[in-house]
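Q: First, the structure itself, so that you have it in front of you.
The values are calculated or read from the model by the stated rules, or taken from the named source; none is laboratory data. This one's a predicted model, so the numbers in the text were calculated from it and none came from an experiment. We place every Cβ from the backbone using ideal geometry, glycine too, and count neighbours over all the protein chains shown. Each accessible area value is taken on the protein alone, full model and side chains, heavy atoms only, with ligands, DNA and RNA left out. Shrake-Rupley method; radii C 1.70, N 1.55, O 1.52, S 1.80 Å.
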Amino acid sequence: MDSTPSPARPRAPRPAAPGAARPSVTELRLSAFRAHRAVTLPIAPLTLFAGSSGSGKTTALHAFEALARLAAGRGLDRSVPDPAGCVPEWSRPDRQGRRGFRLGCTADGPEGPVRLDLAVQVEPELRIVGERLTCGGRVLLATALRDPRRRSVEASWHTSGTEGVTRAALPDDRLATALLPLHVAGRTTAQLRVLAAAEQVVMALRPVFSCDPRPERMRAPVPAGPGRLRRGCDNLAEVLYRTRSECARRHARLVGAARLGCAGEVADVRAEAAEDGTVRALLARGQGRPDTPVGRLGEGELRYLALALVLLTGPGVLAVDAVAEVPEAYQSLTVLADGLDRGLDPEQARHLTLLAAEMCARGHIRLLGAVADGSCASGVPGAAVVDLGA
């Protein structure tokens with residue numbers, strides 16, 4: 001793989017008009033990705049992919065996460081852990097024995113809709129063989145594999161001058177859109193437009209927090225640490241121990257959510273430290289009743305509590321790669337929640353969806369979730385259900 005360093009962080013965008021939306025992904029395209037073919041999925045601030053097992057809900061989340069990792073500057077091998085599994089079964093190799101997959105997205109923001117489309121070759125070698133960045137009907141960036149013997153692609157982007165296009169060789173295992181700040185000077189209007197479109201895509205795709213709580217790992221006490229919630233939420237107690245005193249309002253909301261989704265009376269949600277350096281989480285029952293360790297809760301209660309905490313926190317608490325150089329006002333965190341309603345009863349799923357709708361309406365968080373039953377979002381303001389089983 002090419003040893004090109006990670007791309008420079010995007011610069012702060014030009015000030016937008018008051019009330020202008022933060023850059024956000026509004027469309028996910030799975031042109032040829034696993035079982036999906038020529039599929040376009042609309043993305044709202046709160047979107048639930050619904051359908052039976054095998055309908056492709058998890059696949060859609062994996063595709064979004066792969067794009068987010070590439071936008072963060074990761075190599076292709078780290079962004080797509082199972083590339084062979086992404087190649088559609090119906091795909092046949094061409095005369096050179098090449099097979100792969102295609103996906104893309106649309107990011108909206110101050111520059112208007114910007115399309116990113118990728119073609120990835122998996123066989124015989126993993127590489128990005130084509131990339132296109134389009135805005136306003138004009139191709140601002142395009143890459144193509146000219147010489148299979150070289151681990152690079154020819155990139156051309158819109159610029160100024162007599163030819164109007166600048167060309168350069170870029171690594172074939174990185175997203176060229178994310179690398180542009182290293183190669184475009186930004187001295188002309190055309191160059192600034194290319195950079196603005198690229199930065200809008202990068203900012204829309206990251207940061208991302210993929211979350212799938214694992215109740216079996218959340219029951220035992222955990223070592224005290226920095227308090228950044230991991231993907232499986234197995235360190236829930238550690239995070240509660242840190243965040244309980246950081247924001248009284250946020251913690252009160254968590255307690256309110258626990259009252260709706262956990263059995264019995266809930267007076268507080270807290271964590272306590274033991275002499276051996278570990279912490280455990282508890283539900284305080286109040287009125288002199290003993291606290292209940294979360295290890296005694298049902299699987300649905302544990303998943304509900306963990307997902308509520310995710311929705312009520314942010315990049316400073318969740319283990320995500322935030323864009324540190326861009327003001328928070330221009331960013332939004334996208335949570336990818338596979339099996340959002342797994343193990344939850346209908347009331348728990350409903351309460352969680354209502355909480356998600358409220359937090360997404362504030363603009364700092366977006367949620368893409370996979371659910372078996374989309375009825376939990378029925379009548380919820382701002383919730384969009386995409387039925388993949390239809």
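Q: Does residue 226 satisfy being at negative phi, open to solvent by 30 Å² or more (accessible area, probe 1.4 Å) and more than 27 Å from the chain's Cα centre (by Cα)? If you could, list the steps in order and put the result at the bottom.
A: Working: at negative phi: yes; open to solvent by 30 Å² or more (accessible area, probe 1.4 Å): yes; more than 27 Å from the chain's Cα centre (by Cα): no.
No.
Q: Further, regarding this structure: Of the conditions (1) within 20 Å of residue 118 (Cα to Cα); (2) assigned to a helix (DSSP H, G or I), residue 191 clears all except one; give me its number.
A: (1)
Q: Could you count how many residues in the range 194-211 are assigned to a helix (DSSP H, G or I), of a type in the set (Gly, Ala, Ser) and open to solvent by 10 Å² or more (accessible area, probe 1.4 Å)? Write out each step before concluding.
A: In the first step, residues of the range 194-211 are kept if they are assigned to a helix (DSSP H, G or I); the result is 194-205.
Still in the list and also of a type in the set (Gly, Ala, Ser): 196-198, 204.
Next cut, open to solvent by 10 Å² or more (accessible area, probe 1.4 Å) only: 196.
Qualifying residue count for the region: 1.
Q: Now for a different question. Within the bounds of the range 370-382, is there any residue that is open to solvent by 30 Å² or more (accessible area, probe 1.4 Å), within 20 Å of residue 27 (Cα to Cα), touching a residue at least 40 places away in the same chain (Cβ under 8 Å) and not in a strand (DSSP E or B)?
A: Taking every residue of the range 370-382 in turn, at least one turns out to be open to solvent by 30 Å² or more (accessible area, probe 1.4 Å), within 20 Å of residue 27 (Cα to Cα), touching a residue at least 40 places away in the same chain (Cβ under 8 Å) and not in a strand (DSSP E or B).
Q: Looking at 150, 92, 146, can you tell me which residue is more than 29 Å from the chain's Cα centre (by Cα), within 23 Å of residue 63 (Cα to Cα) and surrounded by fewer than 17 Cβ atoms within 10 Å (Cβ to Cβ)?
A: Details: 150 fails: within 23 Å of residue 63 (Cα to Cα); 146 fails: within 23 Å of residue 63 (Cα to Cα).
The match here is 92.
Q: I've got another one for you. Pick out the one residue from 271, 281 that is open to solvent by less than 10 Å² (accessible area, probe 1.4 Å), more than 18 Å from residue 352 (Cα to Cα) and in a strand (DSSP E or B).
A: Details: 271 fails: open to solvent by less than 10 Å² (accessible area, probe 1.4 Å).
None of the others qualify; the one that does is 281.
Q: Okay, moving on. I'd like to check something: does the range 162-173 contain any residue that is charged (D, E, K, R), touching a residue at least 12 places away in the same chain (Cβ under 8 Å), part of a loop (DSSP other than H, G, I, E, B) and in contact with a helix residue (DSSP H, G or I) (Cβ under 7 Å, 6 or more places away or on another chain)? Steps first, answer last, please.
A: Going residue by residue through the range 162-173, those that are charged (D, E, K, R) are 163, 167, 172-173.
Retained after the next criterion (residues that are touching a residue at least 12 places away in the same chain (Cβ under 8 Å)): 167, 172-173.
Cutting the leftovers down to part of a loop (DSSP other than H, G, I, E, B) gives us 172-173.
If we keep only those that are in contact with a helix residue (DSSP H, G or I) (Cβ under 7 Å, 6 or more places away or on another chain) as well, we get 173.
Yes; the residues of the range 162-173 include at least one that is charged (D, E, K, R), touching a residue at least 12 places away in the same chain (Cβ under 8 Å), part of a loop (DSSP other than H, G, I, E, B) and in contact with a helix residue (DSSP H, G or I) (Cβ under 7 Å, 6 or more places away or on another chain).
Q: Another question, then. Could you give me the residue pairs with C-beta distances under 6 Å whose first residue belongs to the range 178-202 and is small (Gly, Ala, Ser), whose second residue is in a loop (DSSP other than H, G, I, E, B) wherever it lies, and which are 6+ apart or on separate chains?
A: Every condition considered, the pairs that remain are 178/7; 178/73; 190/159; 190/160; 196/111; 197/111.
Q: Still on this structure, I have one more. Among the residues of the range 82-94, is any of a type in the set (Lys, Arg), at pLDDT below 95, in contact with an Asp or Glu (Cβ under 9 Å, 6 or more places away or on another chain) and more than 30 Å from residue 190 (Cβ to Cβ)? So that I can check it myself, show each step before the final result.
A: Narrowing the range 82-94 to residues of a type in the set (Lys, Arg): 92.
Next cut, at pLDDT below 95 only: 92.
Next, from what is left, pick out any that are in contact with an Asp or Glu (Cβ under 9 Å, 6 or more places away or on another chain): none.
Taking every residue of the range 82-94 in turn, none turns out to be of a type in the set (Lys, Arg), at pLDDT below 95, in contact with an Asp or Glu (Cβ under 9 Å, 6 or more places away or on another chain) and more than 30 Å from residue 190 (Cβ to Cβ).
Q: State which residue is modelled with the lowest pLDDT when the search covers only the range 234-255 and only residues that are out of contact with any Leu (no Cβ under 9 Å at 6 or more places or on another chain) and of a type in the set (Gly, Ala, Ser).
A: 245
Q: For residue 83, all conditions in the list (1) more than 23 Å from residue 202 (Cβ to Cβ); (2) crowded, with 18+ Cβ neighbours inside 10 Å hold save one; what is the number of the exception?
A: Answer for residue 83: the failing condition is (1).
Q: Please work out if residue 202 is in contact with a helix residue (DSSP H, G or I) (Cβ under 9 Å, 6 or more places away or on another chain) and more than 13 Å from residue 280 (Cα to Cα). Even if it seems obvious, please write down each step before you answer.
A: Working: in contact with a helix residue (DSSP H, G or I) (Cβ under 9 Å, 6 or more places away or on another chain): yes; more than 13 Å from residue 280 (Cα to Cα): yes.
In short, yes.
Q: Taking the range 158-180 as the search range and keeping residues that are open to solvent by less than 60 Å² (accessible area, probe 1.4 Å) and at pLDDT below 90, which one is farthest from residue 132 (Cα to Cα)?
A: Quick first cut of the range 158-180, residues open to solvent by less than 60 Å² (accessible area, probe 1.4 Å) only: 158-160, 164-166, 168, 170-180.
Filter once more, so that each one left must be at pLDDT below 90: 158-160, 164-166.
Working: 158: 12, 159: 15, 160: 19, 164: 17, 165: 14, 166: 15 Å.
The residue in question is 160.
Q: A further question on this structure: Among the residues of the range 123-141, count how many are more than 20 Å from residue 25 (Cα to Cα) and open to solvent by 20 Å² or more (accessible area, probe 1.4 Å). Steps first, answer last, please.
A: Taking the range 123-141 first, the residues more than 20 Å from residue 25 (Cα to Cα) are 123-130.
Within this subset, residues satisfying the condition of being open to solvent by 20 Å² or more (accessible area, probe 1.4 Å) are 123-126, 129.
Result for the range 123-141: 5.
Q: So, restricting to strands (runs of 3 or more DSSP E) that lie completely within the range 1-74, which ones have at least 1 residues that are within 25 Å of residue 364 (Cα to Cα), open to solvent by 30 Å² or more (accessible area, probe 1.4 Å) and modelled with pLDDT of 95 or more? Full working, then the answer.
A: Numbers: elements: 24-33, 36-42, 46-50.
Strands (runs of 3 or more DSSP E) meeting the threshold: 24-33, 36-42.
Q: Within the range 93-107, track down each residue that is of a type in the set (Gly, Ala, Ser) and more than 25 Å from residue 27 (Cβ to Cβ). Quick ask: steps written out before the conclusion?
A: So the first thing to find is which residues in the range 93-107 are of a type in the set (Gly, Ala, Ser), and the list is 97, 100, 104, 107.
97, the sole residue that qualifies.
Q: Write out, first by first residue and then by second, each pair whose Cβ atoms fall under 6 Å of each other, whose residues are 6+ apart or on separate chains, and whose first residue, in the range 242-264, is surrounded by fewer than 17 Cβ atoms within 10 Å (Cβ to Cβ) while the second is part of a loop (DSSP other than H, G, I, E, B).
A: Hits for this filter: 259/266.
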